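The values are calculated or read from the model by the stated rules, or taken from the named source; none is laboratory data. Since the model is a prediction, treat every value here as computed from it, not as a measurement. Heads up, the Cβs are rebuilt from the backbone with ideal geometry, glycines too, and the neighbour counts pull from every protein chain shown.
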Amino acid sequence: MNSSEHTVNIFGLAEAIATQIEKDILAGHFDPILKSYCLVPKTDPSKPKTLLELWDLWVASLSVSERTLAGHYRYTRSMITKANPKLLDITWVSRWDLAPRTFRDRLSIIKSCCTWGVAKGYLDINPYEDIKAPKEAKTAVKPFDAEEVKKILNGFKELYPHYLPFVYFLFATGVRTSEAIGLTWRDIDFIRGEIVIRESLPKDPLGNGYTRVRKETKTGNIRYLNMNEEIRGLLLHIRPDEFTSTDLIFKAPKGGIVDADNFRERYWIPVLDAQGVPYRKPYTTRHTMASTAIEQGTPVTGVAYLLGHTDTTMVMKTYGHMINRPELPRMPIS
């Protein structure tokens, strides 16, 4: 409806109300508080009244897979369902108890939903547009030092030797745990001396908490890692006499897929406790490789490549304090 049509409708409605008032006065039915003549448009029953109703309309309009919806979309809808805020109510955001990164991700999705709502005419403005996510508190990365790495490897050798090659590989390559879990023999080229990191095997969001789904790496790129003699010897040692190219290299003790949570709880934590190593997540093996590479003079671009990043931004943000760190000047104090 254009502005001229809207104006004509308003004037037409006003004339109708004036005529009705005149008739009611003549008939003795005039409403002195004017409630009967209130110029309030009727509510459109087709428009959403709550954020949840708008959310479901928006999600239904998206062309995304069930697997995608099973991630942040599912958790965000669960939050909305629990709070059930009205369409313009943003006060519930102050009650979110989320980590800064998760807060940012959920808020971003809701903003997109409401932006769509504005475009569809369900909202006049996006009430979430000016809400800012809290800043992430910077935490110092604490890689394992050389002595701790030795203790951890010795601990696995003594307590859980089945997982020793897996843990050594994590330390030596810095690959993500899901990438190591998904590695198959087709990814190893002994002739070229390369390990191809092209896929990962994370948990399936549509599964039962234990099933996993093969997908591309986190950044979607493929990287080639040169094998040194230690890694080559390790892989040759654990390679079975009979295998297919799609067989997993690292398996659980009973031959199934390694479950990262089970590995951490039943093997990783007990080893660190037994060896007196302060707890850090298995992911810290990745930080350990990166920091060691930097200390040994690997260029920032090289470290970024080894980690699978498309540029050096994350490396500089995480390990910048280690790169070209200047010495304090010698001050005359005596």
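Observations, loosely collected:
- Among the criteria (1) modelled with pLDDT of 90 or more; (2) among the hydrophobic types (A, V, I, L, M, F, W, C); (3) over 22 Å from the mean Cα position of the chain (by Cα); (4) not in a loop (DSSP other than H, G, I, E, B), the one residue 263 does not fulfil is (3).
- Search result, residues across region 42-84 that are closer than 14 Å to residue 111 by Cβ and touching a strand residue (DSSP E or B) at 6+ places or on another chain (Cβ under 9 Å): 51, 80
- Looking only at region 146-202, and only at residues there that are under 14 Å from residue 289 (Cα atoms) and among the basic types (Lys, Arg), the one that is surrounded by the most Cβ atoms within 10 Å (Cβ to Cβ): 176
- Residue satisfying condition, being of a type outside the set (Asp, Glu), modelled with pLDDT under 90 and either touching a strand residue (DSSP E or B) at 6+ places or on another chain (Cβ under 7 Å) or under 27 Å from residue 148 (Cα atoms) (or both), within set 222, 238: 222
- For residue 300, the criteria (1) under 24 Å from residue 144 (Cα atoms); (2) at pLDDT 90 or above; (3) β-branched (Val, Ile, Thr) hold in every case but one, which is (2).
- Within region 85-104, residues that are over 16 Å from residue 126 (Cα atoms) have Cβ atoms under 6 Å from residues that are assigned to a loop (DSSP other than H, G, I, E, B) and of a type in the set (Gly, Ala, Ser) in these pairs: 103/133; 104/133, counting only partners at least 6 apart in sequence or on another chain.
- Close pairs from region 224-251: first assigned to a helix (DSSP H, G or I), partner modelled with pLDDT of 90 or more and among the small types (Gly, Ala, Ser), Cβ under 6 Å, at least 6 apart: 231/172
- Region 97-130, residues that are aromatic (Phe, Trp, Tyr) and over 17 Å from the mean Cα position of the chain (by Cα): 116, 122, 128
- Residue within region 36-52 that is of a type in the set (Gly, Ala, Ser), part of a helix (DSSP H, G or I), modelled with pLDDT under 75 and over 26 Å from the mean Cα position of the chain (by Cα) present: yes
- Residues (in contact with a Lys or Arg (Cβ under 8 Å, 6 or more places away or on another chain) and loosely packed, with under 12 Cβ neighbours inside 10 Å) located in region 249-277: 276
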